[in-house]
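The values are calculated or read from the model by the stated rules, or taken from the named source; none is laboratory data. Because the structure is predicted, anything quoted here is derived from the model rather than measured. Because the Cβ atoms are built from the backbone with ideal geometry, glycine has one as well, and the counts that use them run over all protein chains shown.
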Amino acid sequence: MIDSSLLLAVTTFAYLACMLFYLAGVIFHYRPILSWGTYTGFGTLGIQTAAILLRWKESYDLGYGHAPLSNLYESLVFAAWAIMLIYLVMELRSRQRTLGVFPALFAFLAMAYASFSTGIDSKIQPLLPALKSNWLIAHVVTCFLGYAAFAVSCGISFLYLLRKTQTDNPGPKGFFAILPEARQLDEFNYQMILFGFLWLSLGIITGSVWANSAWGTYWSWDPKETWSLITWFIYAALLHARTLQGWRGTRVAWLSLVGFGCVLFTYFGVNFLLSGLHSYATR
Amino acid sequence: MQKESGFFQAFYDALGSLKLTVSVFLVLAVCSIIGTLFPQGLTPDEVESRFRPGVAWLVNTLGLADLYRTGWFRTLLLLLCVNLVVCSLRRLPKTLRLLRHREERIDPAKLGKFSMSRNISTGLSWQEAEPILTGALSEEFRSVERVPEAEAFAATAEKGRSSALMVYVVHLSVLVILLGALLGSIFGFKGFMNLSEGESSAEVVLYQGNQAIMLPFEVRCDKFSVTYYDNGMPREYRSDLAVVEKGKEVYKQSILVNDPMTYSGVTFYQASYGSTLKQAEVELQDRDSGKSYRLVLPFRQMVEIPGTRDRVQAFEYRQDLGRMGAAMVVVLSREGQDPSGSWILIDKSDFHGNRVQNYQIKVLGTEQSNYTGLQVKRDPGVWIVWFGFTAMLLGIGMTFYMSHRKIWIWCGPSAGDRFAKILIAGRSSKNPLAFEREFNELCERIDERLKSAGTGN
């Protein structure tokens, strides 16, 4: 009997395979393997989409009836899905296949952490009263699209910095010569950050509107809220510096890494290290 | 004098500078981090008991335990506002000038120097080509403007002109949001109200400054209930509320955690719950006379001890007082004396300290009642904040994904020839790659139409 947990187990390993294809393609400078990465990526995304929809249906069968976005396990699965979706759309539009290593790695790590960590419960749980709202889907989806775009941007930033280490040897024989030019990477990175910033803003705002209807205050400096605002400040600083001050390349890449560090802390650090109103996201 | 205006100019420039913007963003980020790492909401006394004197002094002076409400943190937010106002004021005239700019003439020689430009030759005269060009341009661009030119057709076409203004919409939206928050904090209030089942009250205890306010109406809790799922997780917290005005019930609603009640601008949220004392049955023994009395004390109501002029009441109740179990305060009021009271341990009836003045008190039984904890709020600024949010999202989306795209076109007689020569150039404020595709398509469409019109002749 096919159920969502089986499909999600398949997804986990398929993302690992996808990452290895992309990695092998880049290391051996062999483009056909890169396209295997693409096919695996699309196929896995399809399986994972089916798994998420199936889990949604299963929650109705259990009598709970809620979107699979209610706890840490489900949010990790959704994060992996969003990262791969955003990356693959970017790959189609930019026709660049060499940037897939990090997105596939992040998607695999998210799935593996969700599946294998003993502290994370993968059972379908009923919704707590605080989460019973139409805002749940809007808030989680917008936030995670933002996080996922920043994850992809973080991957591009790594590649940019790697590529930059070889500026002395820019010829076609360089190890990273298969990657797009640094200038192009910088442009992709910028586009990803714009996309992420828009969704992060939407995520913070939907969260704020929701908080107002659940707790009676649209901003309470709860650690999660504050950390998402810190992330917003970092990327806002980056965008201003890049647009007006002409910051390009290396500095933008480093700021993007710092920004993604903030995203990770907002997502995990706040849950495990700080207490606050978002405590239902820890299990 | 010269020097002074130089100083003010430099100060004004610094206030509107991008360096300040980026610095304030990063400083705000760092300060906010401190606020999430340091426990918020400790009172100064708690800080002093937790930290060494020097550290406690520093924490209390900087207000680290209530960081987001300190003057210096708000000053940082104010600085961000000043910065974005000054920088917008400095840049806006330039943007407006750019948007208002109209070409007085188009120099065909200059069009060739654009990074995006194209030469098209045709077998038509420029008068014949003109309607074809205007037609093709106005399909793509809403505003096509002819530049007066006697011996040629020259025009500009553009779209997305307002996208250059969107960044000001984003800046303004930040001010609008903060204005909404300010109005809310001045003209609104935020507090809580605990209501036992059946109790009604108009008193709201505010979070700030240990004060209470009275609402112009009373709220009554008819019933509070919690339901659970099969696995023991809570499913729903529900309070059945009624609004009572001048003794008459005027409105009824049940509230859930995500479903508050709003009545005349005041909103009631399901925030917490608990149980409290409804009444206690006690035995009082007068140690002087040896007489004992059995009384039922409804919570916070005076009861006279029969045959005396002493009155007692159960005044306060805790489910667990300092790990000694349930306890309540019994207050004794005697004529001509100040009331006196003491904590009575309910579970430890033999405790020798269970006494008030000459009465030894034993609690025989208690009856509890549920209470619901309501968060009560009035925020007239919230709609301004929502408006600011909407403007911010629209502004960010349009700043990022719209660009100002402009086409220059010149079509005139080439030297010594009756056939027209056409020059097209284009420029986009951002995303040049996407515009290049659009530009090429436009040029090809024009080329095709000119050709088919030429063969038609």
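Do we find that A:Phe233 is facing chain B (nearest Cβ under 7 Å) and not β-branched (Val, Ile, Thr) in this structure? Please lay out each step first, then the result.
Working: facing chain B (nearest Cβ under 7 Å): yes; not β-branched (Val, Ile, Thr): yes.
So A:Phe233 passes the test.
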Q: Starting from the stretch B:344-360, take each residue that is under 16 Å from B:Leu295 (Cα atoms) and list its partners that are among the small types (Gly, Ala, Ser), counting only C-beta distances under 7 angstrom and pairs at least six apart or across chains.
A: B:Ile344/B:Ala327; B:Ile346/B:Gly325; B:Ile346/B:Ala326; B:Ile346/B:Ala327; B:Arg355/B:Ser342; B:Val356/B:Ser340; B:Val356/B:Gly341; B:Val356/B:Ser342
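To keep it simple, each residue is scored yes or no on (1) closer than 16 Å to B:His404 by Cα; (2) crowded, with 16+ Cβ neighbours inside 10 Å.
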position: B:Arg102; (1), (2): yes, no
position: B:Pro108; (1), (2): no, yes
position: B:Ser121; (1), (2): no, no
position: B:Ile132; (1), (2): no, yes
Q. Across the stretch B:390-412, which residue is surrounded by the fewest Cβ atoms within 10 Å (Cβ to Cβ) among those that are in contact with a strand residue (DSSP E or B) (Cβ under 6 Å, 6 or more places away or on another chain) and not polar (S, T, N, Q)?
A. B:Lys406
Q | Every residue from the stretch B:270-318 that is in contact (Cβ under 8 Å) with a residue 60 or more places away in the chain, among the charged types (D, E, K, R) and farther than 15 Å from B:Gln360 by Cα | A | B:Lys278
Q | Residue that is surrounded by the most Cβ atoms within 10 Å (Cβ to Cβ), among those in the stretch B:182-199 that are modelled with pLDDT of 90 or more and small (Gly, Ala, Ser) | A | B:Gly184
Q: Considering (1) farther than 20 Å from B:Asn431 by Cβ; (2) in contact (Cβ under 8 Å) with a residue 24 or more places away in the chain; (3) within 9 Å of chain B (Cβ to nearest Cβ), say which one A:Tyr267 fails and leave the rest.
A: (3)
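Restricting attention to the stretch B:248-259, does a residue exist that is among the charged types (D, E, K, R), farther than 21 Å from B:Phe351 by Cβ and within 14 Å of chain A (Cβ to nearest Cβ)? Show your work before the answer.
Initial filter on the stretch B:248-259 (among the charged types (D, E, K, R)): B:248-249, B:252, B:259.
Those still in the list that are farther than 21 Å from B:Phe351 by Cβ too: B:248-249, B:252, B:259.
From the residues that got through so far, the ones that are within 14 Å of chain A (Cβ to nearest Cβ) too are B:259.
Among the residues of the stretch B:248-259, at least one is among the charged types (D, E, K, R), farther than 21 Å from B:Phe351 by Cβ and within 14 Å of chain A (Cβ to nearest Cβ), which makes the answer yes.
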Q) Which condition number in (1) surrounded by fewer than 20 Cβ atoms within 10 Å (Cβ to Cβ); (2) in a helix (DSSP H, G or I); (3) touching a residue at least 12 places away in the same chain (Cβ under 8 Å) is the one that A:Ile178 fails? A) (2)
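Across the stretch A:248-262, what is the number of residues that are free of Cβ contacts under 8 Å to residues at least 60 places away in the same chain and either basic (Lys, Arg) or within 9 Å of chain B (Cβ to nearest Cβ) (or both)? Can you show your working first?
Filtering the stretch A:248-262 for residues free of Cβ contacts under 8 Å to residues at least 60 places away in the same chain gives A:251, A:255, A:258, A:261-262.
Next, from what is left, pick out any that are either basic (Lys, Arg) or within 9 Å of chain B (Cβ to nearest Cβ) (or both): A:251, A:262.
Summing the residues that are free of Cβ contacts under 8 Å to residues at least 60 places away in the same chain and either basic (Lys, Arg) or within 9 Å of chain B (Cβ to nearest Cβ) (or both) in the stretch A:248-262 gives 2.
From the list B:Val282, B:Val257, B:Val243, B:Val219, exactly one residue is of a type in the set (Val, Ile, Thr), touching a helix residue (DSSP H, G or I) at 6+ places or on another chain (Cβ under 9 Å) and either at pLDDT below 90 or surrounded by 14 or more Cβ atoms within 10 Å (Cβ to Cβ) (or both). Which is it? Spell out how you get there, then give the answer.
On the way: B:Val282 fails: touching a helix residue (DSSP H, G or I) at 6+ places or on another chain (Cβ under 9 Å); B:Val243 fails: touching a helix residue (DSSP H, G or I) at 6+ places or on another chain (Cβ under 9 Å); B:Val219 fails: touching a helix residue (DSSP H, G or I) at 6+ places or on another chain (Cβ under 9 Å).
Just one listed residue meets the conditions, B:Val257.
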Q: For A:Leu20, work out the one condition from (1) modelled with pLDDT of 95 or more; (2) surrounded by fewer than 18 Cβ atoms within 10 Å (Cβ to Cβ); (3) over 17 Å from the mean Cα position of the chain (by Cα); (4) not basic (Lys, Arg) it doesn't fulfil.
A: (2)
Q.
Condition first: under 19 Å from the mean Cα position of the chain (by Cα) and under 19 Å from A:Val101 (Cβ atoms). Now tell me which residues in the stretch A:24-55 satisfy that.
A. A:Gly37, A:Thr38, A:Thr40, A:Gly41, A:Phe42, A:Gly43, A:Thr44, A:Leu45, A:Gln48
Q. Given the conditions (1) closer than 21 Å to A:Ile52 by Cβ; (2) within 17 Å of the chain's Cα centre (by Cα), which single one is not true for A:Phe158?
A. (1)
(Q) Can you find, within the stretch B:94-109, the residue that is farthest from B:Ser32 (Cα to Cα) among those that are touching a residue at least 60 places away in the same chain (Cβ under 8 Å) and in a helix (DSSP H, G or I)? (A) B:Pro108
Q. Of the residues A:Ile230, A:Ile204, which single one is at pLDDT 95 or above and out of contact with any Phe, Trp or Tyr (no Cβ under 6 Å at 6 or more places or on another chain)?
A. A:Ile204
Q.
Tell me the residue from A:Ala107, A:Ala138, A:Ala114 that is touching a helix residue (DSSP H, G or I) at 6+ places or on another chain (Cβ under 8 Å), surrounded by fewer than 20 Cβ atoms within 10 Å (Cβ to Cβ) and not in a loop (DSSP other than H, G, I, E, B), please.
A. A:Ala138
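Would you tally the residues in the stretch B:342-391 being among the aliphatic types (A, V, I, L, M) and closer than 30 Å to A:Val209 by Cβ? Break it down stepwise before answering.
Our first condition is that a residue be among the aliphatic types (A, V, I, L, M); within the stretch B:342-391, this holds for B:344-346, B:356, B:361, B:363-364, B:374, B:376, B:382, B:384-385, B:391.
Now narrow it down to the ones that are closer than 30 Å to A:Val209 by Cβ: B:374, B:376, B:382, B:384-385, B:391.
Going through the stretch B:342-391 one residue at a time, the tally reaches 6.
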Q. List the pairs whose first member sits in the stretch B:220-237 and is under 17 Å from A:Lys132 (Cα atoms) and more than 7 Å from chain A (Cβ to nearest Cβ), whose second member is at pLDDT 90 or above and not in a strand (DSSP E or B), and whose Cβ atoms are under 8 Å apart, counting only residues at least 6 apart or on separate chains?
A. none
Q: Check B:Ser143 against each of (1) surrounded by fewer than 18 Cβ atoms within 10 Å (Cβ to Cβ); (2) within 29 Å of B:Gly388 (Cα to Cα) and name the one condition it does not meet.
A: (2)
Q) Could we say that B:Val147 is more than 17 Å from B:Arg405 (Cα to Cα) and of a type in the set (Val, Ile, Thr) here? A) yes
Q. How do the pairs read when you match residues in the stretch A:118-136 that are away from chain B (no Cβ under 11 Å) and farther than 13 Å from A:Leu69 by Cβ with residues anywhere that are in a helix (DSSP H, G or I) and of a type in the set (Ser, Thr, Tyr), using Cβ under 9 Å and keeping only pairs 6 or more apart or on different chains?
A. A:Gly119/A:Thr282; A:Ile120/A:Tyr73; A:Ile120/A:Tyr113; A:Asp121/A:Tyr73; A:Ser122/A:Ser5; A:Ser122/A:Tyr73; A:Ser122/A:Ser115
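Per-residue answers, yes or no, for (1) more than 21 Å from A:Phe265 (Cα to Cα); (2) facing chain B (nearest Cβ under 9 Å); (3) out of contact with any helix residue (DSSP H, G or I) (no Cβ under 8 Å at 6 or more places or on another chain); (4) touching a residue at least 40 places away in the same chain (Cβ under 8 Å):
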position	(1), (2), (3), (4)
A:Phe197	no, yes, no, yes
A:Val209	yes, yes, no, yes
A:Asn212	yes, yes, no, no
A:Ser220	no, no, no, yes
A:Pro223	no, yes, no, yes
A:Leu238	no, yes, no, yes
A:Ala241	yes, yes, no, no
Q | Close pairs from the stretch B:365-389: first crowded, with 17+ Cβ neighbours inside 10 Å, partner among the hydroxyl-bearing types (Ser, Thr, Tyr) and in a helix (DSSP H, G or I), Cβ under 6 Å, at least 6 apart | A | B:Gly388/B:Ser173
